[in-house]
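Contents: one structure, followed by commentary.
Throughout, read-outs are computed from the coordinates displayed, never taken from laboratory work. Remember, it's a predicted structure, so these values are computed and weren't measured experimentally. Please note: Cβ atoms are built from the backbone with ideal geometry, for glycine as well, and neighbour counts cover all protein chains shown.
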Amino acid sequence: MASIAEPFASGDSFIHRIDPRMRLICAMAITLPVALLNSIDPALITLATGVLFVLMARLPLSNVLKRLCVINVFILFLWLFLPFSQPGETIWSVGPFNVSREGIALALLITVKSNGIVLTLMALMGTIAIQDLGPAMQQLKIPNKLCHILLFTYRYIFVIHQEYTTMRRSMLARGFKPKTNSHTYRSYAWLVGMLLVKSWDRAERVHGAMRCRGFQGRFYTLKEFSTHPIDFVFLAACILFALGIAYTEIAHRGLI
Amino acid sequence: MSHAVIELKDITYAFPDRGNALDGLTFHLHHGEKLGLFGPNGAGKTTMLHILMGLIKPQKGKVELFGKTMADGKIFNEARLKIGFLFQHSDDQLFCPTVLDDVAFGPLNQGLERKDALARAAQALDTVGLAGFEDRVPYRLSGGEKKLVALATVLAMQPEVLVLDEPTTGLAPDAKDRLVEILKGLDMARLVVSHEPDFLAATTDRLIAMRDGRIRPGVLKPHTHTHVHEEGDVPHQH
């Protein structure tokens, strides 16, 4: 059966050895101020730091590039619209369309910020194995519901995918050929509808099975994480970095 | 005979858009009893099991577990911890990222310390012959292995009764044989629901049948029957 590949989780670098809880805090501390940035300089610094983290975690670069491509496909659409739609100083005209300096700057800012955040998350959160991520989130007192959603999505997405494959095959076996017509759309709608119904049923059965084993809304975890002094040094460095980013931004906006 | 560990009295249950799935059903399972329940699809077997576990509520009738009337959900929560219920589909039962987490889930819910829960889990895995599977990922196991892990998750809770819902569904013959061997080594009371006369004969002492939402009166007599498979002309056992 397929599974979500975790090419980043299985390394043994300096980053991999840091307590997963610390990595989670660091990732959150850095990405939050970066997401709010309006100026390009701290964004560029974050991008560089993201690259540094990825190198420190010794992630397989081909996988890193593949994931970056996915993000940047979305960003490409921003480049198609933002330069033309933002009002400001025109620097170039194509027929009736004007490219504004502000539009280019905004698209660039978003590109740099997104790539910086994604690289940081890949290095700090992507390196946490899924069986550690749940307990780590739980021990950081992240709401139980969020932890449960993560855990169950991971566990059952393949079961649901398998049900989808089975139903799709049975459609194909009965001569179904997808075309651009209402029969195709209706059949697909039924397929998706049935998938939702089946998922609901399964959720009920899983919940029943858990209740039979004494589940009353709380997970106990077997995981024991240990924290070393170097983890705190890393945490302190990340928080200082995040504060620095925040300070640069505030100064840039002239608030200080 | 000693008092019943599971007792259902005059249970009626109907699904919203169908007739009665259970129709005045009465059922007992006594201490130390190994009972097989046989019945066609749609006879209401699974419905009955879900009612006795308190997963669904009957419109009429009474459930008594270990001599106590199950009046509300809270009292059910306690009684449930003493009944090991094996679901028909292991994928419904196994949800943790590792086998060890799954097997320790029940004991942790019972309030055991981490250390004791781990010991229980190790012991249960040993009982089903899966020592060394602790760090495996449940959904990547074979159907037979999943079933045994699911059984281990139940045994780790050291239940007083085992309730098995069609445990052989989808299992290969060798996995079935393994399950039979493991069950033979356990002496707690059990209720086994199955379509397979051979499996029931091997794992239970007495058979009852269910039809149209009731237990049929009388005791079933196992009898020989013809069947077909490869090497059928070679003397063999079931």
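With a 4.7 Å Cβ cut-off, tell me which Cys residues in chain A come up empty for a partner.
A:C69, A:C147, A:C212
Roughly how many whole Å is it from the C-alpha centroid of the range A:69-137 to that of the range B:115-146?
If we compute the Cα centre of each part, the gap is 46 Å.
For chain B, what is the largest minus smallest coordinate of the Cα atoms on each principal axis, given in angstrom and ordered from greatest to least?
56, 46, 40
Using only alpha-carbon positions, what ratio does the radius of gyration of the protein assembly as shown give when scaled by 2.2 N^0.38 Å?
Normalised Cα radius of gyration, the protein assembly as shown: 1.26.
Normalised by the number of residues in chain A, what is the relative contact order in percent for Cα pairs under 8 Å and 6+ residues apart?
32 percent
Taking the dipole about the Cα centre of the range A:137-212, with the C-beta of Lys and Arg at +1 and of Asp and Glu at -1, give me whichever of A:I157, A:G175, A:Y188 is farthest to the positive side.
A:G175
Using only Cα atoms, what is the ratio of the radius of gyration of chain A to 2.2 N^0.38 Å?
The value comes to 1.29.
Three principal axis extents, largest first, for the C-alpha atoms of the range B:82-138, in Å?
Cα spread of the range B:82-138 along its principal axes, largest to smallest: 29, 26, 21 Å.
Apply the membrane-span-like helix rule to chain A: whole DSSP H runs, Cα extent along the own long axis of at least 30 Å, mean Kyte-Doolittle hydropathy at least -1.0. List the helices found.
Answer set is A:61-85, A:101-124, A:144-173, A:182-212, A:229-252.
Only bridges with both residues in the protein assembly as shown count here: give the DSSP antiparallel percent, nearest 5.
Given both bridge residues lie in the protein assembly as shown, the antiparallel proportion sits at roughly 55 percent.
So which of B:K74/B:K184; A:K145/A:K223; B:K82/B:K184 end up more than 23 Å apart by C-alpha?
B:K74/B:K184
Take the alpha carbon atoms of the range A:160-186, find their center, do the same for the range B:12-58, and report the distance between the two centers in whole angstrom.
Comparing the Cα centres of the range A:160-186 and the range B:12-58, I get a distance of 36 Å.
Which one of A:N63, A:S13, A:V94 is farthest out on the positive end of the charge dipole of chain A, using unit charges on Cβ (Lys, Arg +1; Asp, Glu -1) and the Cα centre as origin?
A:N63
What dipole magnitude, in Debye to the nearest 20, does the range B:52-201 give about its Cα centre under +1 on Lys/Arg Cβ and -1 on Asp/Glu Cβ?
Here the size comes out at about 500 debye.
Return the inverse of the average 1/r over all pairs of distinct C-alpha atoms in the range A:137-212, which is the Kirkwood hydrodynamic radius, in Å to one decimal. Let's see the in-between values first.
Values: mean 1/r = 0.0680 Å⁻¹.
One over the average 1/r among Cα pairs gives 14.7 Å for the range A:137-212.
Among A:A105, B:G143, B:F95, pick out the residue whose Cα is farthest towards the positive end of the charge dipole of the protein assembly as shown, where Lys and Arg carry +1 and Asp and Glu carry -1 on C-beta, about the Cα centre.
About the Cα centre, the residue reaching furthest to the positive side is A:A105.
Between A:L61 and A:N38, what length comes free when the chain is fully extended (0.36 nm per residue of separation minus the Cα-Cα distance, one decimal in nm)? Walk me through the numbers before you get to the answer.
Numbers: separation 23, 0.36 × 23 = 8.28 nm, distance 2.91 nm.
Result for the pair: 5.4 nm of gain on full extension.
Roughly how many debye, to the nearest 20, is the charge dipole of the protein assembly as shown about its Cα centre, given +1 on each Lys and Arg Cβ, -1 on each Asp and Glu Cβ, and no other charges?
For this selection, approximately 1120 debye.
Rounded to the nearest 20 Debye, what is the dipole magnitude of chain A about its Cα centre when Lys and Arg each give +1 and Asp and Glu each give -1 at the C-beta?
Magnitude of the dipole: close to 1280 debye.
Over what distance in Å are the Cα centres of the range B:88-108 and the range A:199-256 separated?
23 Å
Rounded to the nearest 500, what is chain A's calculated 222 nm mean residue ellipticity when only DSSP H runs of at least 4 contribute -39500 (n - 2.57) each, over all residues?
Using -39500 (n - 2.57) per qualifying helix, the result is -24000 deg cm²/dmol.
So for chain B, averaging the separation of alpha carbon pairs under 8 Å that are six or more residues apart and normalising by length, what relative contact order in percent results?
Answer for chain B is 27 percent.
Fewest to most neighbouring Cβ within 10 Å: what's the order for A:E102, A:E89?
Sorted ascending by nearby Cβ count, the order is A:E89, A:E102.
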